[in-house]
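Okay, so here's the structure we're looking at.
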């Protein structure tokens, strides 16, 4: 068993346990048992379980931010940028459901500089959304009172996917993304050519392709 595959098993075990039992409810022995290794072997890779939580949050946030930045590059103007961000966020939180749930809900379990670092990463991602809303308002294709508050509302809506979406349910993730993108455009009263903008009319990149490309680029530079 290679070092890389053992580390992957440990992280996957941590994601499953943190998502189902919570960070506080998961013991270090639980992680070792879930990963199928001894406690002594686990301590060869980590100092404490907070190391694992930081790795999950940081990896997820950096990948999401890189994909969002790439998505914005692919979309020419604020209306398509907003719809693209919504579809990407929905896709990530539906496909990488457990890791997204852990990153979104268990960051509160971190403390000190580690917490500050993860919050800074999250703030950088949220700023991308605010910048799009600011730009849309400035050029007159979005009508909204408070871009910052609106960005919080949109992110809360999209992040909720990780709590309730089921791949075996009646709704496809693509459909949910389309509906949420349309709802976001309606919320900000987005327009194109003087008419209400609809997500179905936009030529948007596939979230999965954008995400995979961004992850590949991150891997190449790390």
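Side notes on the structure shown:
- Number of residues in segment 184-222 that are more than 19 Å from residue 74 (Cβ to Cβ), surrounded by 15 or more Cβ atoms within 10 Å (Cβ to Cβ) and within 19 Å of the chain's Cα centre (by Cα) equals 0.
- Any pair with Cβ under 6 angstrom, 6 or more apart, that starts in segment 154-183 at a residue that is closer than 17 Å to residue 126 by Cα and ends at one that is surrounded by 18 or more Cβ atoms within 10 Å (Cβ to Cβ) and at pLDDT below 95: 159/104; 181/199
- Restricting attention to segment 94-123, the residues that are touching a helix residue (DSSP H, G or I) at 6+ places or on another chain (Cβ under 6 Å) and without any contact (Cβ under 8 Å) to a residue 60 or more places away in the chain add up to 3.
- If the condition is being over 18 Å from residue 69 (Cβ atoms) and out of contact with any strand residue (DSSP E or B) (no Cβ under 9 Å at 6 or more places or on another chain), then segment 119-148 contributes 119, 137, 138, 139, 144, 145, 146, 147, 148.
- With respect to (1) in contact (Cβ under 8 Å) with a residue 60 or more places away in the chain; (2) within 30 Å of residue 197 (Cβ to Cβ); (3) more than 13 Å from the chain's Cα centre (by Cα), the lone exception for residue 22 is condition (2).
The values are calculated or read from the model by the stated rules, or taken from the named source; none is laboratory data. Note that the coordinates shown come from a computational prediction; the quantities given were computed from them, not determined experimentally. Note: ideal-geometry Cβ built from the backbone for every residue, glycine included; neighbour counts use all protein chains shown.
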